[in-house]
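Asks: Here you go, one structure.
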Amino acid sequence: MNSLALIAAATLTIDRKAETAARFEALMRSHERMVLATAWRLLGNLEDAKDASQEVFLRFYRRMGEREECTNPAGWLYRVTVNVCHDHRRRGRGETQVEEFIEPVDTAPDPQRALTDSERQAAVRMSLRILSEKERAAVVLRDLEGLSTAEVAAALGSAEATVRSQIAKARVKMKNFVESYFRRRI
Amino acid sequence: MNCLDWEERIALEAGGDLPATEVSAVEQHLAACSECRAFRDALSGNLELLRQAHQAPIAEAQLAAVRARVMAEVTRPPRWRWVWLGGLAAAAVTAMLLVALRPARVVELPHVAVCVPPAPAPPVLRPLPRGGGSVAARFPSRDRKGAVLASASEPEPLVVKMITTDPDVVIYWIADRTADRTGDTDR
């Protein structure tokens with residue numbers, strides 16, 4: 001291979017890498033909010049969620065480099081986000097005490113009612129923490145991300161019936177937690 | 001039928017996840033059971049609260065921070081390149097050190113065989129003439145003596161033949177000793 005051919009091959013490689021990086025950045029921009037929000041909801045901590053989000057996108061980039069066709073990037077990203085957050089929690093990095101979600105904006109005219117709503121929202125956010133890993137992932141993907149049960153099942157690698165059962169149990173557990181929380185307060 | 005048996009289906013109904021085949025049965029039960037209706041309403045309210053609690057938008061700065069971290073990783077040269085460069089640098093340094101610290105080169109001297117020509121024959125003393133002779137004849141003067149010994153002590157050049165390891169190279173070292181003798185005489 002002469003030197004001109006080598007230079008041409010090197011230029012082509014650089015062009016491909018630049019093209020992949022540009023394509024990746026575009027995909028990242030269109031999915032970053034979804035991934036970070038999901039990670040935040042699963043981990044309950046923004047800094048951990050940012051770390052998890054970074055890990056998810058780096059895995060995504062490596063996958064693009066392997067030239068694997070990705071027909072459903074959102075589905076893939078949800079699945080990997082759940083797995084990465086699961087790993088985070090297993091390593092003890094994503095264990096949160098009480099969530100530090102953004103304070104809701106009070107729009108209610110009655111301050112007493114506004115306080116109650118705020119407290120209820122805090123209690124509901126905390127109720128996510130009492131769920132098992134799978135239940136939480138199912139609720140976050142179904143009730144907060146708005147995926148269908150079939151999509152949740154695909155993301156979690158479970159059967160649809162299993163996901164439905166997990167979602168039902170999780171909803172009942174959360175309702176009971178919030179009610180007992182307020183009973184203790186009263 | 002116990003209401004506990006309906007709990008899971010009502011929880012699914014509250015979020016719109018009940019399979020179509022079961023919807024009518026659950027709706028019939030709800031229409032007949034006020035406790036289960038309250039249960040369904042509480043679940044629905046809780047779900048609404050959960051959605052509200054997570055509606056807060058994520059700040060653009062947080063997204064940009066993650067994006068910057070990821071893109072920095074993505075555009076960074078791969079680690080193996082640094083390993084290669086480090087290896088090359090280490091090899092270059094090692095080579096330089098070896099050159100700088102290696103011992104002085106031992107020059108192998110040529111294998112020299114010295115061949116000294118045979119020593120000159122001892123001086124031949126000729127008998128003096130009989131019957132005395134003059135004192136001068138019996139005790140030859142210094143000049144005469146010198147003349148007598150002249151043939152024996154005539155300096156021949158010293159030839160040293162050096163044979164090297166290379167069969168094509170033979171070194172002859174020829175030393176003219178006349179000057180040495182002259183020097184001795186002058187002293």
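Asks: Which members of region A:146-157 meet the condition of being closer than 21 Å to B:Leu50 by Cβ and part of a loop (DSSP other than H, G, I, E, B)?
Replies: Scanning region A:146-157 gives A:Gly146, A:Leu147, A:Ser148.
Asks: Looking at region A:13-63, which of the residues that are small (Gly, Ala, Ser) and farther than 28 Å from B:His54 by Cα is modelled with the highest pLDDT?
Replies: A:Ala22
Asks: Hey, another quick one. Modelled with pLDDT of 90 or more, away from chain A (no Cβ under 14 Å) and touching a Cys at 6+ places or on another chain (Cβ under 8 Å) - does that describe any residue in region B:77-97?
Replies: Looking for residues that are modelled with pLDDT of 90 or more, away from chain A (no Cβ under 14 Å) and touching a Cys at 6+ places or on another chain (Cβ under 8 Å), one finds none in region B:77-97, hence no.
Asks: For region B:1-103, which helices (runs of 4 or more DSSP H) that fit wholly inside it have 1 or more residues that are closer than 28 Å to A:Ala21 by Cβ and within 25 Å of the chain's Cα centre (by Cα)?
Replies: Helices (runs of 4 or more DSSP H) meeting the threshold: B:79-101.
Asks: Return the total of residues in region B:28-59 being within 13 Å of chain A (Cβ to nearest Cβ) and touching a residue at least 24 places away in the same chain (Cβ under 8 Å).
Replies: From region B:28-59, those within 13 Å of chain A (Cβ to nearest Cβ) are B:36, B:38-59; that's our starting set.
With the extra rule that they be touching a residue at least 24 places away in the same chain (Cβ under 8 Å), the set shrinks to B:36, B:39-40, B:43-44, B:47.
Total meeting the criteria: 6.
Asks: Same structure again: Filtering region B:1-13 down to residues that are over 18 Å from A:Val178 (Cβ atoms) and more than 8 Å from chain A (Cβ to nearest Cβ), which residue is modelled with the lowest pLDDT? Full working, then the answer.
Replies: Of all residues in region B:1-13, those over 18 Å from A:Val178 (Cβ atoms) come to B:1-6, B:8-9, B:12-13.
If we keep only those that are more than 8 Å from chain A (Cβ to nearest Cβ) as well, we get B:1-6, B:13.
Details: B:Met1: 52, B:Asn2: 75, B:Cys3: 83, B:Leu4: 84, B:Asp5: 87, B:Trp6: 90, B:Glu13: 93.
Ranking the qualifying residues of region B:1-13, first place goes to B:Met1.
Asks: Do we have any residue at all in region A:124-143 that's part of a helix (DSSP H, G or I) and polar (S, T, N, Q)?
Replies: Within region A:124-143, one or more residues are part of a helix (DSSP H, G or I) and polar (S, T, N, Q).
Asks: Hey, another quick one. Just give me the residues in region B:59-103 being touching a helix residue (DSSP H, G or I) at 6+ places or on another chain (Cβ under 6 Å) and not charged (D, E, K, R), in sequence order.
Replies: Within region B:59-103, B:Leu63, B:Val66, B:Val70, B:Val74 meet the criteria.
Asks: Only residues that are out of contact with any Ser or Thr (no Cβ under 9 Å at 6 or more places or on another chain) and within 11 Å of chain A (Cβ to nearest Cβ): list them for region B:14-27, please.
Replies: B:Gly16, B:Leu18, B:Pro19, B:Glu22
Asks: Can you name the number of the only condition in (1) surrounded by 19 or more Cβ atoms within 10 Å (Cβ to Cβ); (2) under 14 Å from B:Leu47 (Cα atoms) that A:Val163 fails?
Replies: Just one mismatch for A:Val163, condition (2).
Asks: Also, I was wondering about something else. Quick one: how many residues across region A:28-64 are more than 11 Å from the chain's Cα centre (by Cα), more than 11 Å from chain B (Cβ to nearest Cβ) and touching a residue at least 40 places away in the same chain (Cβ under 8 Å)?
Replies: Result for region A:28-64: 2.
The values are calculated or read from the model by the stated rules, or taken from the named source; none is laboratory data. This structure is a prediction, so every number in the text was calculated from the model and none was measured. Every residue, glycine among them, receives a Cβ derived from its backbone with ideal geometry; neighbour counts consider all protein chains shown.
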